[in-house]
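Data block below; observations after.
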Amino acid sequence: MFKRKIESALLQWKTKKNHKPLVIKGCRQCGKTSSVLEFARKNYANVVYLDFHEHREYKTFFAGALDVDTLTLNISVGIPGARFVANETCLVLDEIQDCPNAHASLKFFKLDGRYDVICTGSLLGVNGYKSKEEQLEEETASISVGFEQIITMYPMDFEEWLWANGVEPQHIGYLRECLQKETPVNEAFHQRMHQLLLRYVVVGGMPEAVSVFMETNNMSDVWDVQHGIIETYKADMLKYALVEDKPHIRECFESIPAQLAKENKKFQYATVRKGARSRDYQGSLQWIEDAGIIQRCHNTTITELPLSGNAIPDIFKVYMADIGLLVSMLEEGTAWSILQGDLKGYKGAIFENLAADLFGKMGRKLYYFQKEGGLELDFLIRYKGECVPVECKATTGNAKSIKTVLKHPEHYHVSHAIKLGDYNIGRNGALLTIPFYLAFLLTEV
């Protein structure tokens, strides 16, 4: 098991007085189930585990009355060895989206208070195809809004990747101090971090891919895992999507590398299919986003806070939520080139997606700025109370748009900017340059 940040969130939830049932949502295979079960087994005398995806018959436990005594009786009869002891039992409901009545029961478990409940869901909130029986079940199930706490879990982020690779907390503390004081990182450590970043780009944060890489150091094995995950996503698209969206979801998903390979990386439906219209595909794209597979990065009208208020709804880029999965979708040899330090491929798209990965796994919404005439800022973030442009450079290079913006604060209302690239920490007036591997520390809002 890798150390995951969700562990501290789970412990904080458990120690909170009168806590509600917990729902952890996130894309498939990001580590939800293994993290929850590891936590539950460490912190409870009894763990009762129901996987509604693997065992659809478990739905019958929730087919009648939803009072806690009836439910615990049904479960303990149906699963030999399941023990419910007040204040000592954790009920884990895996893939809860497959059983709406189980989701509805969270209200009753909260009001009862004897047992802790942790749920996971990979496709919570997606517009999915359901049989008539499932639609009826969902319609009749009461909603447990107000009786649950929801946490979003992501694939392993860069800091968790560093932990897995033996980087200690004091080392990360040193990096944080260098960033705060704007002093260069020790050269030997700088090179070590750069190599870890390149490996993260090709492996990504899916726990199984990380585990295989750590065990074998063989990228062929990692690709097999990544391609298996991609195929699982495609199978979900066909199995769970609305009938009218099924023909288009896979097309949208498979167009992502081509979208990012364009000079103008704005998502264009015509790139999905010649003559395609947004009204035919926007539901399909929304499904992929709701499943946690992609992240949208919206253009903004101006470079000011609040970024969400200035976002343009129908002008956006699309990035893969996990950088390793994006690289696995590109042609064979891309990962090898990256590991050798060749970072120029796909017109900088790989390292834009890397920034999207790093920022997205912080829980940040993604924004950029582009206007007619060629001025474009890769990302805008809220940092230390200001709107701060962030430019991504796969290698060293000029950031002409940032320089233009900084020269005209009266128009763009920007006083500081950050450039990420293949170099150490430095400052030139209002422009702070930092190595790409430090982006995960840009957490202050």
_Checking Ile249 against (1) surrounded by fewer than 22 Cβ atoms within 10 Å (Cβ to Cβ); (2) farther than 15 Å from Leu325 by Cβ: exactly one of these is not met. Which one?_
(1)
*Find the residue count for the stretch 320-354, including only residues that are crowded, with 18+ Cβ neighbours inside 10 Å, modelled with pLDDT under 95, hydrophobic (A, V, I, L, M, F, W, C) and not in a loop (DSSP other than H, G, I, E, B).*
5
*If you go through the stretch 286-313 one residue at a time, how many are in contact with a helix residue (DSSP H, G or I) (Cβ under 8 Å, 6 or more places away or on another chain), more than 20 Å from Leu354 (Cβ to Cβ) and part of a strand (DSSP E or B)?*
1
*Among what's in the stretch 97-130 and is in contact with a Lys or Arg (Cβ under 6 Å, 6 or more places away or on another chain) and farther than 28 Å from Lys17 by Cβ, pick the residue that is modelled with the highest pLDDT.*
Cys99
*Leu91, sole failed condition from (1) over 27 Å from the mean Cα position of the chain (by Cα); (2) under 29 Å from Leu11 (Cβ atoms); (3) of a type outside the set (D, E, K, R)*: (1)
*Give the residues of the stretch 54-87 that are within 14 Å of Phe109 (Cβ to Cβ), touching a residue at least 24 places away in the same chain (Cβ under 8 Å) and out of contact with any helix residue (DSSP H, G or I) (no Cβ under 8 Å at 6 or more places or on another chain), sorted by residue number.*
Thr72, Ala86, Asn87
*Return the only residue of Phe369, Phe316, Phe379 being farther than 20 Å from Arg199 by Cβ, buried (at least 17 other Cβ atoms within 10 Å of the Cβ) and out of contact with any helix residue (DSSP H, G or I) (no Cβ under 9 Å at 6 or more places or on another chain).*
Phe316
_For Leu420, only one of the following conditions fails: (1) surrounded by 19 or more Cβ atoms within 10 Å (Cβ to Cβ); (2) part of a loop (DSSP other than H, G, I, E, B); (3) modelled with pLDDT of 95 or more. What is its number?_
(2)
_the stretch 234-246, residues that are surrounded by fewer than 21 Cβ atoms within 10 Å (Cβ to Cβ) and within 19 Å of the chain's Cα centre (by Cα)_ = Lys234
*Restricting attention to the stretch 22-34, and to residues there that are touching a strand residue (DSSP E or B) at 6+ places or on another chain (Cβ under 8 Å) and outside any strand (DSSP E or B), which single residue is surrounded by the fewest Cβ atoms within 10 Å (Cβ to Cβ)?*
Thr33
*Go through (1) surrounded by 14 or more Cβ atoms within 10 Å (Cβ to Cβ); (2) farther than 24 Å from Tyr346 by Cα; (3) within 22 Å of the chain's Cα centre (by Cα) one by one and return the number of the condition Ser308 breaks.*
(1)
*Return the total of residues in the stretch 96-115 being within 22 Å of Ile6 (Cα to Cα) and crowded, with 22+ Cβ neighbours inside 10 Å.*
4
*If you go through the stretch 76-92 one residue at a time, do you hit one that is surrounded by fewer than 22 Cβ atoms within 10 Å (Cβ to Cβ) and under 30 Å from Ser284 (Cα atoms)?*
no
*Taking Glu244 as the residue in question, decide whether it is farther than 28 Å from Tyr367 by Cβ and either free of Cβ contacts under 8 Å to residues at least 24 places away in the same chain or not acidic (Asp, Glu) (or both).*
no
*Out of Gly146, Gly173, report the one residue that is more than 18 Å from Arg364 (Cβ to Cβ), surrounded by fewer than 13 Cβ atoms within 10 Å (Cβ to Cβ) and assigned by TED's automatic domain parsing to the domain that holds Leu10.*
Gly146
*Restricting the search to the stretch 252-293, which residues are out of contact with any Asp or Glu (no Cβ under 9 Å at 6 or more places or on another chain) and buried (at least 22 other Cβ atoms within 10 Å of the Cβ)?*
Cys252, Phe253, Ile256, Phe267, Leu285, Ile288, Gly292
_Among the candidates Asp357, Asp422, residue that is within 17 Å of Ile323 (Cβ to Cβ), assigned by TED's automatic domain parsing to the domain that holds Lys181 and touching a Ser or Thr at 6+ places or on another chain (Cβ under 6 Å)_ = Asp422
*Could you tell me which numbered condition Thr60 fails, if it satisfies all but one of (1) surrounded by fewer than 18 Cβ atoms within 10 Å (Cβ to Cβ); (2) within 30 Å of Gly204 (Cβ to Cβ); (3) β-branched (Val, Ile, Thr)?*
(2)
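The values are calculated or read from the model by the stated rules, or taken from the named source; none is laboratory data. Since we're looking at a predicted model, the values are computed, not measured. Neighbour counts run over all protein chains shown; Cβ positions are idealised from the backbone, glycine included.
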